[in-house]
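Undergrad: Sharing a structure below in structure tokens format, with a few things to ask.
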Amino acid sequence: MRVAIFASGSGTNLQAIIDSGIKTIDIVVVFSNKADAYAIERAKKHNIPVEVIDHKSFQDREDFDKAVIDRLEPYKIDLIVLAGYMRILSPIFIQAYKNKIINIHPALLPSFPGVNSGRQALEYGVKYTGVTVHFVDEGVDTGPIILQEVVKIEDSDNEESLLEKIHNIEHEIYPKAIELVSSGEVEIVGRRVLNKS
Ligand code: GRF
């Protein structure tokens, strides 16, 4: 599958995906809305083409998303992998890539959607949180779930230590989820993502 990875930040998940060397994908482009995202440097080091469009030069989300759709068109993308992409996608974008966009979220959805999930989990006092990889639909962190993994919260944990544990799990399960999706092993049945075999 021809894959685009979207990232706005440091790109440790992008790095983990590159390093995992998944045989069923070809990372044909890394897209960012931020010209100074470290993820871009990582892509360049691996000779992966980079595209940047600054969202701040657009008045509304739809116009920005249309520009992204146009920019990606020549790459003939089969799967979009959001890896720390800090923009909400408009329905126009979701429809253009229906069931072809996946995201990783640093909590066990549907708990703690949105931003600062680690802090939300600590403030709530849950003993377990985790990581979720899911298809992207028109809601925020609401799409069908592909994989989840639990992270235990110890009494000694603070936001920093928890996020480090979560990141380590992310780097393991995102490549696994991408492999599942790109090898055609799963199908979406209602809200469930089921293994075909
Ligand atoms: C990850 O924690 C991911 O769950 C969230 O954004 C963060 C990206 O981190 N969506 P990185 O840029 O991959 O290091």
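The values are calculated or read from the model by the stated rules, or taken from the named source; none is laboratory data. On a predicted model such as this, the values are computed, not experimentally measured, just so you know. Don't worry about glycine lacking a Cβ; one is built from the backbone with ideal geometry, like all the others, and counts go over all protein chains shown. When the accessible area is computed, the model is the full protein with side chains, heavy atoms only, and any ligands, DNA or RNA have been set aside. Shrake-Rupley method; radii C 1.70, N 1.55, O 1.52, S 1.80 Å.
Undergrad: Using θ = phi - 60° and the Karplus form 6.51 cos²θ - 1.76 cosθ + 1.60, what ³J(HN,Hα) does each residue of segment 94-99 get, whole Hz, x for Gly and Pro?
TA: For segment 94-99, the Karplus-derived couplings read 4, 5, 5, 10, 4, 6 Hz, x marking Gly and Pro.
Undergrad: Provide, as a two-decimal number, the C-alpha radius of gyration of segment 61-110 over 2.2 N^0.38 Å, N being how many residues it has. Display every interim value, and only then the final one.
TA: Details: Rg = 11.6 Å, N = 50, 2.2 N^0.38 = 9.7 Å.
Dividing the Cα Rg of segment 61-110 by 2.2 N^0.38 Å gives 1.19.
Undergrad: Run the quick spin-label model on Glu164 and Lys176: label points 7 Å from Cα toward the beta carbon, then report their separation in nm to one decimal.
TA: 2.3 nm
Undergrad: Within 14 Å, Cβ to Cβ, of Leu109, how many net charges do the neighbouring residues add up to if Lys/Arg are +1 and Asp/Glu are -1?
TA: On the way: positive: Arg191, Arg192; negative: Asp137, Asp141, Glu149, Glu170.
Overall, the nearby charge balance is -2.
Undergrad: Can you list the HN-Hα couplings for segment 77-87, worked out from phi with the Karplus curve (6.51, -1.76, 1.60; θ = phi - 60°), rounded to whole Hz and with x for Gly and Pro?
TA: 7, 9, 8, 10, 10, 7, 10, x, 8, 8, 10
Undergrad: Suppose only helical runs count, i.e. DSSP H with n ≥ 4. What mean residue ellipticity at 222 nm does that imply for the chain under -39500 (n - 2.57) per run, divided by all residues and rounded to the nearest 500 deg cm²/dmol?
TA: Details: 6 runs with 67 residues, N = 197.
Rounded to the nearest 500, the figure is -10500 deg cm²/dmol.
Undergrad: Hey, what do the phi angles of segment 25-34 turn into as Karplus ³J(HN,Hα) couplings, whole Hz, using 6.51/-1.76/1.60 and θ = phi - 60°, x for Gly and Pro?
TA: Running phi through 6.51 cos²θ - 1.76 cosθ + 1.60 with θ = phi - 60° gives 10, 10, 7, 8, 7, 10, 10, 9, 8, 10 Hz.
Undergrad: For segment 1-157, with only Lys/Arg (+1) and Asp/Glu (-1) charged at the beta-carbon, what is the dipole magnitude about the Cα centre, in debye rounded to 20? Let's see the in-between values first.
TA: Working: 17 positive and 21 negative charges, 73 e Å.
Roughly 340 debye, rounded to the nearest 20.
Undergrad: How far, in nm, would the chain grow between Val140 and Lys44 when pulled straight, counting 0.36 nm per residue and subtracting the alpha carbon separation? Working shown, then result.
TA: Details: separation 96, 0.36 × 96 = 34.56 nm, distance 3.01 nm.
Stretched fully, the Val140-Lys44 segment lengthens by 31.5 nm.
Undergrad: Quick one: net charge of Val186's neighbours, Cβ under 15 Å, K/R +1, D/E -1? It would help to have the intermediate numbers written out before the result.
TA: Numbers: positive: Lys100, Lys176, Arg191, Arg192, Lys196; negative: Asp78, Glu179, Glu185, Glu187.
Once positives and negatives cancel, what remains is +1.
Undergrad: With a point put 7 Å past each Cα toward its Cβ, work out how far Ile188 is from Ile69 in nm, to one decimal.
TA: Distance between label points: 1.6 nm.
Undergrad: Relative to the compact globular guide of 2.2 N^0.38 Å, what is the alpha carbon radius of gyration of the chain, as a ratio? Please list the in-between numbers first.
TA: Working: Rg = 16.3 Å, N = 197, 2.2 N^0.38 = 16.4 Å.
My calculation over the Cα atoms of the chain gives 1.00.
Undergrad: Rounded to the nearest 10 Å², what accessible area does Arg2 show when all protein chains are kept and the probe is 1.4 Å?
TA: In the full protein context, Arg2 sits at about 90 Å².
Undergrad: On to the next question. Name the long-range amide H neighbours of Ile101: under 5 Å, sequence gap of 5 or more, or other chain; modelled H, no Pro or chain starts.
TA: Hits under the 5 Å cutoff: Ile80, Val136.
Undergrad: Would you calculate the convex hull of the Cα atoms in segment 104-197 and tell me its volume per residue in Å³? Intermediate results must be reported in sequence, preceding the final value.
TA: On the way: hull volume 8.6 nm³, N = 94.
Once divided by residue count, the hull of segment 104-197 is 92 Å³.
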